[in-house]
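First comes the structure, then the notes that go with it.
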Amino acid sequence: MARVGGAGVTDDDELTGAEGVGFDSVRVVELLLACEERFGVELPAEELLSTPLTIRRLPERVARAGR
């Protein structure tokens, strides 16, 4: 279950998993698609879902994809 109102969420929390923010794989893919559309980059979902993705790492991944 996602944390309501972002209570206690930090930059190092994972987006998925019980100990993280609580996103399921569908929500992560939706977020990645939104980032792709907004920033004009390609973010392969398989690669991002195979490693822990934190709130801090997402913009780093977007920046790397834009190079």
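The figures follow:
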{"read-out": "Selection count, segment 16-31, where residues are of a type in the set (D, E, K, R) and either at pLDDT 90 or above or surrounded by 14 or more Cβ atoms within 10 Å (Cβ to Cβ) (or both)", "value": "2"}
{"read-out": "Residue selected from segment 32-44 under the condition surrounded by 14 or more Cβ atoms within 10 Å (Cβ to Cβ) and at pLDDT below 90, by the criterion nearest to residue 10 (Cα to Cα)", "value": "32"}
{"read-out": "Subset of segment 1-15 (residues that are modelled with pLDDT of 85 or more and either touching a helix residue (DSSP H, G or I) at 6+ places or on another chain (Cβ under 8 Å) or small (Gly, Ala, Ser) (or both))", "value": "15"}
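The values are calculated or read from the model by the stated rules, or taken from the named source; none is laboratory data. Given the structure is predicted, the values throughout are model-derived calculations rather than measurements. Cβ: placed from backbone, ideal geometry, glycine included. Neighbour counts: every protein chain shown.
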